[in-house]
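The values are calculated or read from the model by the stated rules, or taken from the named source; none is laboratory data. If you're wondering where the values come from, they're calculated on a predicted model, not measured in any experiment. Ideal geometry is used to build each Cβ from the backbone, glycine not excepted, and the neighbour counts take in all protein chains shown. Ligands, DNA and RNA are stripped out before the accessible areas are found, and what is left, the full protein with its side chains, is counted by its heavy atoms. Shrake-Rupley method; radii C 1.70, N 1.55, O 1.52, S 1.80 Å.
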Amino acid sequence: TFPHAMLRSLQPNWNSYGAPAIDERCIEKAFELWRQLSGEWQVVPCNDGGVQLEQHRDGFDIEITVSPSRA
């Protein structure tokens, strides 16, 4: 399942390095992408307020980042 609640619960400075809260537009855009992709995708918060979808399999790494400046 997509971790909506976890992403929304991250408060400013969640990484103790001044990261902003995760942008709601990024959460929704990442969710749209996640629903359309096949396979197991990890969902990771980014320190710019974005969301990254990751898949690591068979020696390959795929990372898709939804950034606030592009959401």
Output the qualifying pairs, or none if there are none: Cβ atoms under 7 angstrom, residues six or more apart or on different chains, first residue in segment 42-62 and under 13 Å from R8 (Cα atoms), second residue surrounded by 12 or more Cβ atoms within 10 Å (Cβ to Cβ) and of a type in the set (D, E, K, R).
-> V44/E54; G49/D23; G50/D23
Report whether or not A19 is of a type outside the set (D, E, K, R) and assigned to a loop (DSSP other than H, G, I, E, B).
-> yes
From (1) outside any loop (DSSP other than H, G, I, E, B); (2) open to solvent by 80 Å² or more (accessible area, probe 1.4 Å); (3) modelled with pLDDT of 95 or more, pick out the condition that doesn't hold for Q11.
-> (1)
Any residue at all in segment 49-63 that is part of a loop (DSSP other than H, G, I, E, B) and open to solvent by less than 50 Å² (accessible area, probe 1.4 Å)?
-> yes
Taking S69, is it part of a loop (DSSP other than H, G, I, E, B) and either modelled with pLDDT of 95 or more or surrounded by 15 or more Cβ atoms within 10 Å (Cβ to Cβ) (or both)?
-> no
